[in-house]
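Just passing along the structure, written as structure tokens.
The values are calculated or read from the model by the stated rules, or taken from the named source; none is laboratory data. All of these numbers come straight from a predicted model, not from anything done at the bench. All Cβ positions, glycine included, derive from the backbone under ideal geometry; neighbour counts span all protein chains shown.
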Ligand code: ITT
Ligand code: NA
């Protein structure tokens with residue numbers, strides 16, 4: 001059984017399409033380290049959650065990156081949703097004239113094992129979560145292993161999977177999804193107007209989950 005560590009049931013709903021009954025929500029508000037990249041937050045969260053869950057965990061740290069604001073709110077998206085709110089994010093963006101944005105996520109997996117034997121290319125230069133996938137197709141969603149820390153080897157290895165999707169900030173439409181979905185339009189449709197299947201087929205999380213599921217299935 002795989003523990004999806006999140007307070008957000010919407011994320012788990014999207015993950016079941018890739019992981020079936022193997023995944024369950026582990027409602028644990030992992031301490032979010034103060035960091036400006038999603039990969040670091042997800043990796044540290046996975047380490048903390050693994051210790052709490054005593055079993056394999058995934059953590060998904062996501063954010064909305066608005067071009068006109070140089071990527072804001074990015075890693076602070078949860079705080080901005082709670083304070084400014086989704087509707088006002090649209091109203092802040094609209095006068096800027098540039099509505100381009102992207103959702104990004106980094107999924108971090110930890111099961112206490114070392115992944116050194118896993119024959120995956122590791123590009124440490126590309127490690128920063130929010131900069132990983134620079135192209136608009138999201139095809140550069142490299143997965144990778146992170147192994148930081150001390151020589152004593154006490155730092156738990158974590159494997160990262162990233163996904164990105166480009167879109168535009170629009171006036172809210174739709175009832176589905178969660179979070180910023182009503183104001184995020186991709187190919188003419190907001191994420192809140194899509195079914196879970198339709199969103200997964202194009203979304204940041206869908207891309208990251210399909211990479212993770214493929215790797216996890218071979219494991
Ligand atoms: P956990 O940290 O407990 O998993 P969370 O909802 O706080 O739950 P994040 O920190 O990853 O998750 O999310 C940052 C913000 O981005 C938060 O406001 C989410 O609602 C929003 N968000 C993340 N993924 C999204 C998606 O697929 N569609 C719309 N909004 C999303
Ligand atoms: Na969060």
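Among (1) within 16 Å of ligand 2 (Cβ to nearest atom); (2) crowded, with 16+ Cβ neighbours inside 10 Å, where does residue 56 come up short?
(1)
Still on this structure: Select from the stretch 63-77 the residues that are free of Cβ contacts under 8 Å to residues at least 60 places away in the same chain and within 13 Å of residue 103 (Cα to Cα) and write down the one among them that is surrounded by the most Cβ atoms within 10 Å (Cβ to Cβ).
75
Turning to a different aspect of this structure: For the stretch 74-100: of the residues being in a helix (DSSP H, G or I) and closer than 20 Å to residue 32 by Cα, which is farthest from the chain's Cα centre (by Cα)?
83
Have a look at 133, 151 and point out the one that is at pLDDT below 95 and out of contact with any strand residue (DSSP E or B) (no Cβ under 6 Å at 6 or more places or on another chain).
151
Mind checking which residues of the stretch 192-218 are farther than 13 Å from residue 90 by Cβ and without any contact (Cβ under 8 Å) to a residue 24 or more places away in the chain?
Within the stretch 192-218, 193, 194, 195, 198, 201, 214, 217, 218 meet the criteria.
Hey, another quick one. Quick test for you: out of 37, 29, 60, 82, pick the one residue that is within 8 Å of ligand 1 (Cβ to nearest atom) and in contact (Cβ under 8 Å) with a residue 60 or more places away in the chain.
Exactly one residue qualifies, and that residue is 60.
Sticking with this structure for a sec: Filtering the stretch 20-30 down to residues that are within 16 Å of the chain's Cα centre (by Cα) and surrounded by fewer than 20 Cβ atoms within 10 Å (Cβ to Cβ), which residue is farthest from ligand 2 (Cβ to nearest atom)?
Ranking the qualifying residues of the stretch 20-30, first place goes to 25.
While we're looking at this one, here's another question. Please state which one of 49, 62 is over 13 Å from the mean Cα position of the chain (by Cα), under 22 Å from residue 30 (Cα atoms), within 16 Å of ligand 2 (Cβ to nearest atom) and modelled with pLDDT of 55 or more.
When all the criteria are applied, what remains is 49.
Any chance you could count how many residues in the stretch 51-73 are in contact with a strand residue (DSSP E or B) (Cβ under 7 Å, 6 or more places away or on another chain) and either under 16 Å from residue 32 (Cα atoms) or not in a loop (DSSP other than H, G, I, E, B) (or both)?
13
OK, next. Just the residues that are within 11 Å of ligand 1 (Cβ to nearest atom), part of a loop (DSSP other than H, G, I, E, B) and either more than 17 Å from residue 199 (Cα to Cα) or touching a strand residue (DSSP E or B) at 6+ places or on another chain (Cβ under 8 Å) (or both), please, taken from the stretch 1-26.
Residues satisfying the conditions are 6, 7.
Which members of the stretch 77-87 meet the condition of being in contact with a strand residue (DSSP E or B) (Cβ under 9 Å, 6 or more places away or on another chain) and more than 10 Å from ligand 2 (Cβ to nearest atom)?
80, 84
Give the residues of the stretch 179-196 that are touching a strand residue (DSSP E or B) at 6+ places or on another chain (Cβ under 6 Å) and within 16 Å of ligand 2 (Cβ to nearest atom), sorted by residue number.
The one that is touching a strand residue (DSSP E or B) at 6+ places or on another chain (Cβ under 6 Å) and within 16 Å of ligand 2 (Cβ to nearest atom): 180.
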